[in-house]
Amino acid sequence: MHIFFRRLGSILREKPRLNMEVFVARSRLTLIFSLFALLFLSSSSLSSSTSELQILTAERRIDLASHIIRVVLTLKVQNDEASPASNVLLAFPPAQAKHLALIQAAEVAGKKRKKSLHPLDVKQSNHADGPNGAKLYSISLRNPLSTGGSVSIEVSYVLTQSLEPFPVEISQSESQLVLYRDSALILSPYEIKQQTTVIRTPSTKIESFTRVEPSTQLRTELKYGPYEDQPSFSYSPILVHFENNNPFAVVEELVREIEISHWGNLQVTEHYTLVHNGARHKGGFSRVEYQSRPTISGVASFKHLLVKLPPRVHSVYYRDNIGNISTSHLRTGYSKSELEIEPRYPLLGGWKATFIIGYGLPLEDVLFESDDGKRYLNFSFGCPIAETLVNKIINKVVLPEGSKNPSIVVPFSVERREETSYSYLDIVGRPVVVLEKENVVPEHNVLFQVYYDFHPMSMLAEPLMLTSVFFFLFVAALAYIHMDISIRK
Amino acid sequence: MAQSVKPISSPVPVAWYPSLAVLMLAVGLFITASFFIYEATSSRKNRSLAKELVTGAMASVFLGFGSLFLLLASGVYV
């Protein structure tokens, strides 16, 4: 900045010799002034957007128990600027932002026993990316934070596909070790006065972890911190290499067809492509060794999957291309039903299994009438298999023939398109609402609604079609009887 | 959340489907039988087209609904 002053001084001291030179000198001055003003303004706006708030304490708990990583971040934010703040920004490194399946925030009110959480809106911020491509998310506060005021926010987010198996290939009798990359310092657009990060691993076997003083390991917990007075966007990469033998069950594609029949039944057919996404299996598979020593052989494989279905489910089937798979158990109950399935073979690293699960539900459990006369289907969106990641889910809701104006209410963003499908006794076809989403975790198993208009008289179309077929047969018989085709009179 | 959540169910109770199917098909087949008996026993002069058509219509209505309930009772929810 002092360079500008020196330059300015030299221009002012210069004695212009001709009018042209005066003009040139004056224009140079104005140019330099305007540049200076622009720089000052832009620098002030940058500082006001990112360092308005200060985070007093931040605590981050990372749960690495399953292959779906859950992180809870508790922040105490204080407003130091003159104007009230209505948004709090969160930053994520680009690799984490790509694998972020779900992010939720809540405002914490009260302490300890009387703690209550008020959910807040989180969405991708339209600010420019931070340094090194950090993606910003914006939390909208319930009440704007006044100057000097502070608020406690709890953010929970889910990361998928973030545990790399290392070694990449293991044999049947080895245990699965994975890498987790993150930062000891919480990445944030604001300054953090005090922060701690606690990482919880599923077992005590931690091969190695990057030491960023002060960092300690206590059985299954790794504690990084407390760190004081870190500037904004500070990042210290760490690597944790630990054992994780929990099932890495990933469904590559799930196609769910939900067919509504107004005669009393909802039929759900689900087509799964399941894969074990952990360290790939190398070498042969010895069934004898697998079955005789289960604690040593195949510890990273999984045999059983639990499918959580709604109560009052009927006609459940589990089959694949070959035929019915009989290794399954269904337990029905009042609040839920559980189907425990066992694929034809245990799944080791990199192995795939495809199968179809189908079931029916009574219509009064899922179809309701709203106040404005529209009918709506209330059903769960995600995959019913417990603790499974779905790379792509395609939900097809087949509405009965004669339904018009379908509309959807889903709590998160999905891609929607429409199709027509032809089934029993159809003339014009049934409208199908197709909802697609990528990177679906069990937290997405919430109810969604599909609204549509349906006139009850349209239900008569089916029996009338059958009646007209029989009547046509009778008319044909009559015509034959009345026809006189005898040659002799 | 809707103020009053009214579940929608089938216009005919689902438990009645098998009984209704058998009943309606039986009545429909009776009327079909009477139609063909009328055709067989009457001579060309005595036939009344109106009676034939009405019998045929009633038989086809009962047979149509009966076959619909038969499809529903056997699990093909059309």
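The values are calculated or read from the model by the stated rules, or taken from the named source; none is laboratory data. Bear in mind that the values here come from a model prediction, so they are computed numbers and not experimental data. Glycine also receives a Cβ, built like all others from the backbone with ideal geometry; neighbour counts cover every protein chain displayed. Ligands, DNA and RNA are excluded from the accessible area calculation, which covers all protein heavy atoms including side chains. Shrake-Rupley method; radii C 1.70, N 1.55, O 1.52, S 1.80 Å.
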| request: For segment A:405-435, name all the residues that are in contact with a Gly (Cβ under 9 Å, 6 or more places away or on another chain), of a type in the set (S, T, Y) and part of a loop (DSSP other than H, G, I, E, B). | output: A:Y422, A:S423
| Of the criteria (1) free of Cβ contacts under 8 Å to residues at least 40 places away in the same chain; (2) open to solvent by less than 40 Å² (accessible area, probe 1.4 Å); (3) more than 7 Å from chain A (Cβ to nearest Cβ), which one B:I8 fails | (3)
| request: Mind listing whichever residues of segment A:441-476 are closer than 22 Å to A:K374 by Cβ, more than 8 Å from chain B (Cβ to nearest Cβ) and assigned to a helix (DSSP H, G or I)? | output: A:M457, A:S458, A:L460, A:A461
| said: I'd like to know if segment B:51-65 contains one or more residues that are within 11 Å of chain A (Cβ to nearest Cβ) and in contact (Cβ under 8 Å) with a residue 40 or more places away in the chain. | reply: yes
| task | Identify all residues within segment A:156-190 that are over 17 Å from A:R70 (Cα atoms) and surrounded by fewer than 18 Cβ atoms within 10 Å (Cβ to Cβ); write none if there are none. | result | A:F166, A:P167, A:V168, A:E169, A:S171, A:S173, A:S175
| query | Is segment A:377-391 home to any residue that is out of contact with any strand residue (DSSP E or B) (no Cβ under 9 Å at 6 or more places or on another chain) and assigned to a loop (DSSP other than H, G, I, E, B)? | reply | no
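Results for (1) under 17 Å from A:D182 (Cα atoms); (2) modelled with pLDDT of 60 or more; (3) of a type outside the set (A, V, I, L, M), shown as yes or no for each residue.
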position: A:F23; (1), (2), (3): no, yes, yes
position: A:T57; (1), (2), (3): no, yes, yes
position: A:L64; (1), (2), (3): yes, yes, no
position: A:D80; (1), (2), (3): no, yes, yes
position: A:H99; (1), (2), (3): yes, yes, yes
| field | Single residue of A:D426, A:D484 found to be open to solvent by 70 Å² or more (accessible area, probe 1.4 Å), of a type outside the set (A, V, I, L, M) and within 14 Å of chain B (Cβ to nearest Cβ) | value | A:D484
| message | So, A:E438, is that one in a loop (DSSP other than H, G, I, E, B) and touching a Lys or Arg at 6+ places or on another chain (Cβ under 7 Å) or not? | response | no
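Do you know which residues across segment A:361-408 are acidic (D, E) and either under 29 Å from A:L102 (Cβ atoms) or buried (at least 19 other Cβ atoms within 10 Å of the Cβ) (or both)? First the steps, then the outcome.
Start the filter on segment A:361-408 by keeping residues that are acidic (D, E), which leaves A:364-365, A:369, A:371-372, A:387, A:401.
Residues satisfying the conditions are A:D365, A:E387, A:E401.
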| task | For residues that are open to solvent by 60 Å² or more (accessible area, probe 1.4 Å), polar (S, T, N, Q) and within 14 Å of another protein chain (Cβ to nearest Cβ), tally how many sit in segment A:216-268. | result | 0
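Among the residues of segment A:344-363, what is the count of those that are within 14 Å of chain B (Cβ to nearest Cβ) and within 17 Å of A:I170 (Cα to Cα)? Before the answer, list the steps.
Pass one, segment A:344-363, residues within 14 Å of chain B (Cβ to nearest Cβ): A:358-363.
After this cut, where a residue has to be within 17 Å of A:I170 (Cα to Cα) as well, the list is none.
Number satisfying all stated conditions: 0.
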